Every structure is written in C-alpha cells, then in structure tokens.
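Accompanying notes for the structure given below.
The values are calculated or read from the model by the stated rules, or taken from the named source; none is laboratory data. Please read these numbers as outputs of a predicted model, since none were measured by experiment. All Cβ positions, glycine included, derive from the backbone under ideal geometry; neighbour counts span all protein chains shown. Side chains are part of the model used for accessible areas, which takes the heavy atoms of the whole protein and leaves out ligands, DNA and RNA. Shrake-Rupley method; radii C 1.70, N 1.55, O 1.52, S 1.80 Å.
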Amino acid sequence: MSPRPDKDTRDAATDRVADLKKTRDQAHEDAEKAKLAADEQMWQSIAAELDAGNLLQADVCEATGFSRDHVLRRTKKYRTNQN
C-alpha cells in the first residue's frame, strides 16, 4: 500500500481541485450565457423574417423542426406585426 500524503500535500492538492472546479463552473456558466444569446438572436431574426413577410410560420416549423406553438411562443415578444 502506498503511503498517505502529508497534510501540506493534501491541502495543496485540495486547493488545486477547488480551482479546477471554479474554472469548470465558469466555463459552464459562460457556455450557458452563449447558448441563451444565440437562442435570442435566432428568435429575433426569425420574428423579423416573419414580420417582413418573407416566410410563413409553417416554413419556420419545417426548417427548425419546432412546433407551430413553440415558434409562436418564442417569436411573440419580438414580433412587431402581429396578425
């Protein structure tokens, strides 16, 4: 059996692991923010396309695979030309 590390070694390793966890958590938070921003940009752009009359809601459903209800709910706050 290998010898147990001394307290100083363990404390230093524990600090490194805590720093690794902080780095990981920050990366996850940044990724989540990026996903939310990408979603918002996509739905704003889709709403603008719908408002401009360039496509129908059914076209968005076909292109994205989302239901009509989902498309309606996600674009509603960005729409300026509600029909």
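Just a few scattered comments:
- If you check A34, A12 for being over 17 Å from the mean Cα position of the chain (by Cα) and either assigned to a helix (DSSP H, G or I) or hydroxyl-bearing (S, T, Y) (or both), only one passes: A12.
- Here W43 passes the criteria (1) outside any helix (DSSP H, G or I); (2) open to solvent by less than 60 Å² (accessible area, probe 1.4 Å); (3) of a type outside the set (V, I, T) except the one numbered (1).
- For the range 55-83, the set of residues classified as loosely packed, with under 13 Cβ neighbours inside 10 Å, farther than 10 Å from W43 by Cβ and not small (G, A, S) consists of L56, E62, R68, D69, T80, N81, Q82, N83, listed by residue number.
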